[in-house]
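Structure first, commentary second.
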Amino acid sequence: MEKRGQLIVISGFSGAGKGTVVKGLVDKYGYSLSISATTRAPRPGEVDGKDYYFKTEAEFRNLIDYNGLIEWAQYVDNFYGTPRKFVEDELKAGRDVILEIEVQGARIIKKQYTDAQLIFITTKDAETLRDRLTGRGSETEEQVEKRLRRAAEESEMIGYYDYIVINDDLDTCIDTVHSVILGGKCKKERNEDFIQQLQDSFRAGNE
Ligand code: 5GP
């Protein structure tokens, strides 16, 4: 089967719990996780180099100029981008890499990496999302409203994704996403070289 790692994009509304789902995928199933660069200020408890690479706007622009990001996007008031080197090294080494990014970035990734799997994590409805965002307590009321407006826009873009998974029960969601990824890896389009070798091995046997 294919030796190159699988690129996986996980998006979802801010507050839908995708960060926790991604952490579960890394801890339980050993996926590699790309750490993004951002101009956003760290939230309490966030660590540079672990949660994000926190950058000034000038540093971020420098990364763009030197082709150091495979995608970047503006989200609410900040820039976010995926460092190129880590992702390419991991894929080359045969490891499956998760990018936890928003929709504009996901679309850019799909254009560059056509076999990337795009998975959207959602709450079951808007009301549940509002409850979770308010309960999180890390955002002001104005920021919650901004994130909800953004979620409304993002809900119109779910059609760009390959899969949608509801995060109702966390463990179920983690296992479902893992199953979806495994299923995607078995797609025939992703295994054309292997299929060719398999068929050749039979042809050789018949000669
Ligand atoms: P937060 O500020 O809540 O950590 O992230 C805001 C949004 O930016 C989330 O939807 C998150 O998935 C997205 N994001 C994080 N890193 C990246 C990145 O490298 N590229 C893009 N396009 N979006 C990102």
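The values are calculated or read from the model by the stated rules, or taken from the named source; none is laboratory data. Treat the numbers as computed from the prediction; the structure is a model and nothing was measured. FYI the Cβ positions are ideal-geometry reconstructions off the backbone, even for glycines, and counts take in every protein chain you see. These accessible areas exclude ligands, DNA and RNA; they are computed on the full protein's heavy atoms, side chains included. Shrake-Rupley method; radii C 1.70, N 1.55, O 1.52, S 1.80 Å.
Observations on the structure shown:
- Hits in region 160-191 - residues which are touching an Asp or Glu at 6+ places or on another chain (Cβ under 8 Å) and modelled with pLDDT under 95: Gly184, Lys185, Glu189, Arg190, Asn191
- Every residue from region 58-87 that is under 11 Å from Ser36 (Cβ atoms) and among the charged types (D, E, K, R): Glu71
- Just one of (1) at pLDDT 95 or above; (2) within 30 Å of Phe86 (Cβ to Cβ); (3) out of contact with any helix residue (DSSP H, G or I) (no Cβ under 8 Å at 6 or more places or on another chain); (4) surrounded by fewer than 17 Cβ atoms within 10 Å (Cβ to Cβ) fails for Glu153. It is (1).
- When restricted to residues that are among the hydrophobic types (A, V, I, L, M, F, W, C) and either in contact with a Cys (Cβ under 8 Å, 6 or more places away or on another chain) or free of Cβ contacts under 8 Å to residues at least 24 places away in the same chain (or both), region 2-23 contains 1.
- In region 84-96, of all residues being in contact with a strand residue (DSSP E or B) (Cβ under 6 Å, 6 or more places away or on another chain) and closer than 26 Å to Ala41 by Cβ, the one that is surrounded by the most Cβ atoms within 10 Å (Cβ to Cβ) corresponds to Val87.
- For the criterion of being of a type outside the set (D, E, K, R), surrounded by fewer than 15 Cβ atoms within 10 Å (Cβ to Cβ) and either out of contact with any Phe, Trp or Tyr (no Cβ under 6 Å at 6 or more places or on another chain) or farther than 20 Å from Gln112 by Cβ (or both), Gly19 fails.
- In region 24-43, the residues that are open to solvent by 20 Å² or more (accessible area, probe 1.4 Å) and either within 13 Å of the ligand (Cβ to nearest atom) or touching a Cys at 6+ places or on another chain (Cβ under 8 Å) (or both): Leu33, Ile35, Thr39, Arg40, Ala41, Pro42, Arg43
- Restricting Tyr80, Tyr75 to residues that are touching a residue at least 60 places away in the same chain (Cβ under 8 Å) and under 18 Å from the mean Cα position of the chain (by Cα) narrows the list to Tyr75.
- Test: residue in region 120-136 that is touching a strand residue (DSSP E or B) at 6+ places or on another chain (Cβ under 7 Å), surrounded by 16 or more Cβ atoms within 10 Å (Cβ to Cβ), in contact (Cβ under 8 Å) with a residue 40 or more places away in the chain and aliphatic (A, V, I, L, M): yes
- Picking from residues in region 49-58 that are more than 19 Å from the chain's Cα centre (by Cα) and surrounded by fewer than 13 Cβ atoms within 10 Å (Cβ to Cβ), the one that is farthest from the ligand (Cβ to nearest atom) is Ala58.
- Subset of region 61-83 [open to solvent by less than 40 Å² (accessible area, probe 1.4 Å) and more than 26 Å from Glu142 (Cα to Cα)]: Gly68, Leu69, Ile70, Glu71, Thr82, Pro83
- Where a residue in region 179-192 is outside any helix (DSSP H, G or I) and its partner, wherever it lies, is of a type in the set (D, E, K, R), with Cβ under 9 Å and at least six apart: Lys187/Asp115
- Considering (1) over 23 Å from Thr114 (Cβ atoms); (2) open to solvent by 60 Å² or more (accessible area, probe 1.4 Å); (3) not in a helix (DSSP H, G or I), the lone condition that Ile164 does not fulfil carries the number (1).
- When residues of region 1-21 are limited to those that are assigned to a helix (DSSP H, G or I) and more than 9 Å from the ligand (Cβ to nearest atom), the one nearest to Tyr161 (Cα to Cα): Val21
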